[in-house]
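The values are calculated or read from the model by the stated rules, or taken from the named source; none is laboratory data. None of the values given here were measured: they were computed from a predicted structure. Using ideal geometry, Cβ is built from the backbone for each residue, glycine included, and neighbour counts are taken over all protein chains shown.
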Amino acid sequence: MSGPHGLPVAIAGAGSIGVAFALVFARAGLPVRIWDPDEARRSAVPRELRARLADLDDHGLLAEPAEVIAGRVDVQAELAAAVAGVQHVQECAPERAELKRDLFGQLDRLAPAGAVLASSSSFLPASSFASDLPGRGRCLIAHPGNPPYLIPVIEIVPAPFTDEDAATRAEALFAGAGLTPVRVRREVEGFIFNRLQGALLREAYCLVRDGVASVEDVDRVVRDGLGRRWAHIGPFETADLNTRGGIAAHAERMGPSYARMGAERGQDDPWTPELVAQVESERRALLPAEEWEARVAWRDRKLMKALRPNP
């Protein structure tokens with residue numbers, strides 16, 4: 001498997017996410033150059049890469065020998081050398097707007113004009129640090145799950161100034177590397193991943209604060225309850241399959257209770273008839289009503305398979 005043109009990919013930042021991205025691209029057959037301003041981090045890359053590859057190999061998740069994959073990763077001491085001739089730069093610096101603004105300024109000057117400049121930012125949109133760059137049209141967010149070599153979803157978040165071609169090329173590169181790109185339709189802090197995660201975490205903290213549950217109890221409910229379903233289907237499909245009549249019936253029956261729970265937390269985001277109709281329309285396009293029974297059975301078989309003891 002290789003990305004478009006097979007040109008090198010550069011990674012700016014050799015922390016845990018930077019090393020993880022190096023593994024993603026190297027497994028896809030691409031030459032990778034990884035840079036970090038800290039000599040200690042640069043020195044740690046080969047050791048960390050070998051350790052992660054050894055784990056993947058132990059679990060039968062490598063299509064090539066670990067040393068072949070590791071051999072595609074080149075650690076660079078100079079940023080200019082790291083980005084020379086690359087098709088894509090993945091920035092993996094700490095979550096500070098000023099730091100990213102300075103780094104993207106350097107990347108815009110040093111990287112080839114055709115290279116996409118993507119940030120791994122978890123919360124900050126590209127508009128917060130790339131809006132003044134001459135090459136801002138090639139800048140966007142590509143936010144991964146952690147670690148991206150095990151969690152394939154990656155959020156592609158263009159800024160209003162991002163060229164469509166840059167977003168499309170980023171999606172193609174990540175898809176070619178085995179990830180699952182999701183286009184975020186407009187900039188919001190935290191994107192999709194961390195807004196969903198944050199909503200659950202906020203309620204989890206409240207439940208502990210209010211003496212409703214212990215930390216372990218909250219984790220157990222998610223791990224042995226919600227998480228089991230969410231390993232196969234998302235929250236909309238969960239609601240759709242949990243109620244005969246689908247998601248519209250679920251909203252009618254459960255919506256008032258969820259609204260009251262939200263109001264306890266000062267939240268006023270009602271599931272209006274128009275919003276429910278939009279969600280139902282999208283769900284029925286994905287799963288026609290006549291296929292509902294079969295999909296419920298499919299969900300149950302997935303859960304059964306996960307519960308089956310290992311031979």
Problem - Yes/no for ARG209 being closer than 27 Å to PRO152 by Cβ, without any contact (Cβ under 8 Å) to a residue 12 or more places away in the chain, out of contact with any helix residue (DSSP H, G or I) (no Cβ under 8 Å at 6 or more places or on another chain) and not acidic (Asp, Glu) - result: no
Practice task
Filter the stretch 94-114 down to residues that are surrounded by 21 or more Cβ atoms within 10 Å (Cβ to Cβ) and either without any contact (Cβ under 8 Å) to a residue 12 or more places away in the chain or in contact with a helix residue (DSSP H, G or I) (Cβ under 7 Å, 6 or more places away or on another chain) (or both) and give me whichever is farthest from VAL157 (Cα to Cα).
Solution key: ALA111
Exercise for the section: Would you mind stating whether GLU95 is part of a loop (DSSP other than H, G, I, E, B), closer than 17 Å to ASP38 by Cα and not small (Gly, Ala, Ser)? Expected result: yes
Exercise for the section: Would you be able to tell me the number of residues in the stretch 282-311 that are part of a loop (DSSP other than H, G, I, E, B) and within 13 Å of ASP240 (Cα to Cα)? Expected result: 2
Exercise for the section: For the stretch 133-149, state whether one or more residues are charged (D, E, K, R) and outside any helix (DSSP H, G or I). Expected result: no
Practice task
Output yes when any residue across the stretch 151-159 is closer than 20 Å to ALA10 by Cβ and not in a strand (DSSP E or B), and no when none is.
Solution key: no
Exercise for the section: Filter the strands (runs of 3 or more DSSP E) completely within the stretch 1-81 down to those with at least 2 residues that are closer than 20 Å to SER119 by Cβ. Expected result: 9-12, 32-35
Problem - Scan of the stretch 257-281 for residues that are in contact (Cβ under 8 Å) with a residue 24 or more places away in the chain and either among the hydroxyl-bearing types (Ser, Thr, Tyr) or part of a helix (DSSP H, G or I) (or both), ordered by number - result: VAL276, ALA277, VAL279, GLU280
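Every residue, every condition in (1) closer than 28 Å to GLN278 by Cβ; (2) in the same structural domain as ALA294 (by TED's automatic domain parsing), yes or no:
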| site | (1), (2) |
| --- | --- |
| ALA172 | no, no |
| ARG202 | yes, yes |
| ARG209 | no, yes |
| ALA213 | no, yes |
| VAL218 | no, yes |
| ARG223 | no, yes |
| ALA231 | yes, yes |
| GLU237 | yes, yes |
| HIS250 | yes, yes |
Practice task
Return yes when ARG220 is in a helix (DSSP H, G or I), more than 20 Å from ILE192 (Cα to Cα) and under 24 Å from the mean Cα position of the chain (by Cα) and no when it is not.
Solution key: yes
Practice task
Select from the stretch 119-171 the residues that are aliphatic (A, V, I, L, M), surrounded by fewer than 20 Cβ atoms within 10 Å (Cβ to Cβ) and under 19 Å from PHE25 (Cα atoms) and write down the one among them that is nearest to the chain's Cα centre (by Cα).
Solution key: VAL153
Practice task
Could you list, in sequence order, all residues of the stretch 115-125 that are free of Cβ contacts under 8 Å to residues at least 60 places away in the same chain and over 18 Å from ASP163 (Cβ atoms)?
Solution key: SER121
Completion exercise
Going through (1) at pLDDT below 95; (2) surrounded by 11 or more Cβ atoms within 10 Å (Cβ to Cβ) one by one, ASP268 fails only at (2)
Exercise for the section: Examine the stretch 69-82 for a residue that is more than 30 Å from VAL157 (Cα to Cα) and either surrounded by fewer than 14 Cβ atoms within 10 Å (Cβ to Cβ) or of a type outside the set (Lys, Arg) (or both), and state whether such a residue exists. Expected result: yes
Completion exercise
For the stretch 173-217 the number of residues that are acidic (Asp, Glu) and in a helix (DSSP H, G or I) is 3
Exercise for the section: Could you give me the residue pairs with C-beta distances under 6 Å whose first residue belongs to the stretch 187-202 and is surrounded by 13 or more Cβ atoms within 10 Å (Cβ to Cβ), whose second residue is part of a loop (DSSP other than H, G, I, E, B) and among the polar types (S, T, N, Q) wherever it lies, and which are 6+ apart or on separate chains? Expected result: ASN194/SER122
Exercise for the section: Answer with yes or no whether VAL86 is of a type outside the set (D, E, K, R), assigned to a helix (DSSP H, G or I) and in contact (Cβ under 8 Å) with a residue 12 or more places away in the chain. Expected result: no
